[in-house]
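Take a look at the structure set out below.
The values are calculated or read from the model by the stated rules, or taken from the named source; none is laboratory data. What you see is a predicted model; the values in this text were computed from it and never measured. As a convention, Cβ positions derive from the backbone with ideal geometry for all residues, glycine included, and neighbour counts pool all protein chains shown.
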Amino acid sequence: MRGQSLPTLPSFTGGLVAALGVIGGKWKPVILTELHHHPFRFGELRRAIPGVSEKVLSQQLREMELDGVVHRDECSRTLPRSVRYSLTELGLALHESLRPLAAWGEQHEQRAPRAGR
């Protein structure tokens, strides 16, 4: 075995790591699902996701914006200034790609020890 190179990981692994980097975190899949319905103002989104703190929601939205899956739209015509969050095309595609994963979770919820946490 000495002198031989190790086998490379399957090609999907790099893509999987990239995708998990974008949706990693407890709240990002939930945020994606909520924003899939329609755009939300920050306060509306926070009320739609019970248990998320203002600080964490703000941080997750900022990261998702940097990753290109969430669009932040500031409306300066209103006072106080209003900000709406929506999914970009990339975010919509990501949401669709999570459907099979969600189906797997529903199917194996009873057998997977950490499912539903």
The range 62-96, residues that are of a type in the set (Gly, Ala, Ser) and either closer than 15 Å to residue 23 by Cβ or outside any strand (DSSP E or B) (or both): 68, 76, 91, 93
One residue from 46, 62 being farther than 24 Å from residue 99 by Cβ, surrounded by 14 or more Cβ atoms within 10 Å (Cβ to Cβ) and at pLDDT 95 or above: 46
Residue in the range 36-43 that is surrounded by 13 or more Cβ atoms within 10 Å (Cβ to Cβ) and part of a helix (DSSP H, G or I) present: yes
